[in-house]
Structures are given as C-alpha cells and as structure tokens.
Amino acid sequence: MTIQDIQTVKDLLAEQPVISIIPHKNPDGDAVGSCLGLYHYLKQLGCNATVVAPNDFPNFLKWMPAATDILIYDNEPEKATAQIEASTLIFTLDFNSLKRADTLTPLLEASVATFVMIDHHEAPEEYAKVTFSQPEASSTCEMVYVFIEAMGGALQIGAEIATCLYTGIMTDTGNFKYQSTHSNTYRVAAALIDRGANNSEINGKVYDTNSFDRLQLLSASLQNMVFLKEYHAAYITLTAEELQRFNFRKGDTEGFVNYGLTIEGSKLAAIFIQEGNFVKISLRSKGNVDVNMLAREHFKGGGHINAAGGRYDGTIEQAVALFREVIPAFLSQYI
Ligand code: 5GP
Ligand code: MN
C-alpha cells in the first residue's frame, strides 16, 4: 500500500461516492469479516456504503456486527442490482478475479464505477484503479487493518470493526495455525484485541456452535476418508444423499477437509462435495505442495498455495477418478 494509493482512495472518498463492498461467492469468515470491517469504517467516515454479497453465508457468521445489513443478491436480486448500478466506487474484497463474484459478475463487468481491490490471493486481475494485493498476507482482514492504519484511522477502530477483522484473521489462519500466520498477523490481532475484539468470545461463537447433525455429518465424512499413503494424500467424499441425511446447512462442511492433513505424513487433503450436477472441491496442503496449481490445472479453480478450491462438472466418482489419476505425477514434483 503506497502513500500514493492511499491518497488516491482518500481522493475517491472525498467525491462522496455511492459505495458497494463485494465479497466472493460463498463468503467465508475472511470475506464477511473484511467487508463488514471496511463497512463500519466507511460508515464512521460518513460514507454511503453497502455490502452486497452474491449469496448467503453460514449461520456461524450471522452474529457479526451489522451482518444483517448485508444485501444478498440471491435473496433480493432487484435491490442488489440497483445498488451496484448506482455505485460509483466498488471495493472488491477477498477475491481478485471478477468471475469469483458469480451472479454479481455481469453487474460488476458492466459497472462504470471505480474499483478498489483488497485481496491476498495469487495473480490478481487488472480491473481496479487501486489494487492492494498481498498474497503473503494471512487474510484480507489483516490487510483491511493495515489499510485503515495507512488511512490514519487505527485509533478510530472500535469494537465493531475489531470484532469483524479479528474473526476473519482467526478463520483464515485456522486459528493462527497455518503457515500464512506471520508475526504481523499476531501484531494486528493484538491491536484488534486492544481495540475491543473479545478473542475468546469470537472463537466460541464461530467454533462452538455445532449442531448435532453437523457432527454426525463430520462422522460420515471421516468414515468416507481414503488415505493414499504412498502419495501422502487423503480425500473425503460427500454425496447429496449424505448431505440430506444430516440436514446439511450452509457452512456445515467448513473445515472438514483439514482432517485429511492431520494424518501423520499427509501433505495434501481434498474433499469432494456433490452440489447438484457438479462437484465442489476443496484442497489443502502442507509446505510447498501447491494446490493452487492443482485447482487451476484440473478443477477450474484456484486459491492459495496451501488452500484452494474448484469444481468438476460431472459425478463425484468421475471427480475422484481424475484426482487419483493426476495426483501421482503432481505430488512426485515434491516428494
Ligand atoms: P475453500 O476450499 O474454503 O472453498 O477455498 C479455499 C481457497 O480457495 C479460498 O481462498 C478460496 O478463495 C479459493 N477458492 C475456492 N474455490 C475457488 C474457485 O472455484 N476458484 C478460485 N479461483 N478460487 C477458489
Ligand atoms: Mn481470505
């Protein structure tokens, strides 16, 4: 974030723009947290800002301050369309390719607004006037803190902003566990606690609100897990029937993929979840095993080196067959 970029944003805000703040499809803790953190900050500055999400987000994030202010395209398409069409300044958060906004993509592509991107994924597209891209950052929430600080607003951060940003840092680092957790992540988290984020309470609200059904679904997932020992890879499958049996609700499978990485010697974990006529795939890895490449090359997706996602248009069996076919050559680069 150069001084010049920050000045550009200040100049844009001085024009009293109509602002939309956009997270990616299936917003996670970092996407919702960063959008709401920025939303509270811009409101504090007196700006006209609205968060517009393509679709709904999990219940374990619904308690976040102002979460109910989020305009969800799936629920209110006309209102969301009007908001984006009226926008003169659009912040895109936690994604860097317009296609990740899904149902909002055509509206964003047609928009005449000025764009500002804040994001920590690899290989940003060039659609923004100001691109804050930092793939080494733990989370977009960490970047939003740094952005607010650079704007001169660190001391204006209150409990609402702090709570939102802390939540996203916590979820995107797997509770300060992943390699992306740097010393600056802790410095930012500490500052957010000082500004009113209750770390223990936030942790409980996100992680200790399981339904019994969700734990049963986890149990089924673990039963389904396959460990390809010679390739150091584990994968889980979940069919539509299994999801239905345990009354699947949005967000229920969040984090399941990580169990595959807890097997001793495991370097790569995958989960295949049937969603209608396609399969949603999540990939996780350790060290230099680059699942972003695997997702890009074979599963129409992307993400980060150690956490990526994608899709397969076909059956779960076909998706798994492709995975098993490509994994030996892919992992042989690393092992
Ligand atoms: P998850 O597996 O939790 O859905 O996503 C893990 C990471 O991969 C996230 O950073 C997410 O932004 C990215 N990701 C997930 N699905 C896709 C996808 O379909 N396309 C791209 N480019 N990235 C994805
Ligand atoms: Mn993120």
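Scanning segment 1-60 for residues that are among the hydrophobic types (A, V, I, L, M, F, W, C), within 17 Å of residue 159 (Cα to Cα) and crowded, with 24+ Cβ neighbours inside 10 Å yields 32, 35, 36, 38. Of all the residues in segment 119-153, those that are in contact (Cβ under 8 Å) with a residue 40 or more places away in the chain, away from ligand 2 (no atom under 13 Å from the Cβ) and part of a helix (DSSP H, G or I) number 5.
Looking across segment 236-264 at every residue that is surrounded by fewer than 16 Cβ atoms within 10 Å (Cβ to Cβ) and modelled with pLDDT under 95, the one that is nearest to the chain's Cα centre (by Cα) is identified as 255. None of 143, 117, 170 is within 16 Å of ligand 1 (Cβ to nearest atom), under 13 Å from the mean Cα position of the chain (by Cα) and under 28 Å from residue 74 (Cβ atoms) except 170.
Is it fair to say residue 94 is assigned by TED's automatic domain parsing to the domain that holds residue 162 and in contact (Cβ under 8 Å) with a residue 60 or more places away in the chain? Against the criterion (assigned by TED's automatic domain parsing to the domain that holds residue 162 and in contact (Cβ under 8 Å) with a residue 60 or more places away in the chain), residue 94 qualifies. Among the residues of segment 72-106, those that are touching a Ser or Thr at 6+ places or on another chain (Cβ under 6 Å) and either part of a helix (DSSP H, G or I) or within 16 Å of ligand 1 (Cβ to nearest atom) (or both) comprise 83, 84, 93, 94, 98, 99.
Checking the structure you have, find out if any residue of segment 302-320 is in contact with a Leu (Cβ under 7 Å, 6 or more places away or on another chain), in a loop (DSSP other than H, G, I, E, B), surrounded by 18 or more Cβ atoms within 10 Å (Cβ to Cβ) and at pLDDT 95 or above. No.
State yes or no: is residue 291 closer than 19 Å to residue 261 by Cβ, more than 20 Å from the chain's Cα centre (by Cα) and at pLDDT 95 or above? No: the conditions fail for residue 291. Taking the condition within 11 Å of ligand 1 (Cβ to nearest atom), within 26 Å of residue 123 (Cα to Cα) and surrounded by 15 or more Cβ atoms within 10 Å (Cβ to Cβ), does residue 327 pass? So residue 327 does not fit the description; no. Restricting attention to segment 292-307, which residues are more than 14 Å from ligand 2 (Cβ to nearest atom) and in contact with a Gly (Cβ under 7 Å, 6 or more places away or on another chain)? Correct list: 295, 296, 299, 300, 301. Residue count for segment 285-301 satisfying the condition of being outside any loop (DSSP other than H, G, I, E, B) and either surrounded by 22 or more Cβ atoms within 10 Å (Cβ to Cβ) or of a type outside the set (Lys, Arg) (or both): 8. Residue check: is residue 331 at pLDDT below 95 and either part of a helix (DSSP H, G or I) or in the same structural domain as residue 99 (by TED's automatic domain parsing) (or both)? Spelling it out, residue 331 is indeed at pLDDT below 95 and either part of a helix (DSSP H, G or I) or in the same structural domain as residue 99 (by TED's automatic domain parsing) (or both).
Kindly evaluate residue 282 against the criterion of being touching a strand residue (DSSP E or B) at 6+ places or on another chain (Cβ under 9 Å) and either within 26 Å of residue 96 (Cβ to Cβ) or free of Cβ contacts under 8 Å to residues at least 12 places away in the same chain (or both). So residue 282 passes the test.
The values are calculated or read from the model by the stated rules, or taken from the named source; none is laboratory data. Since we're looking at a predicted model, the values are computed, not measured. Cβ atoms come from the backbone with ideal geometry, glycine included; neighbour counts cover every protein chain shown.
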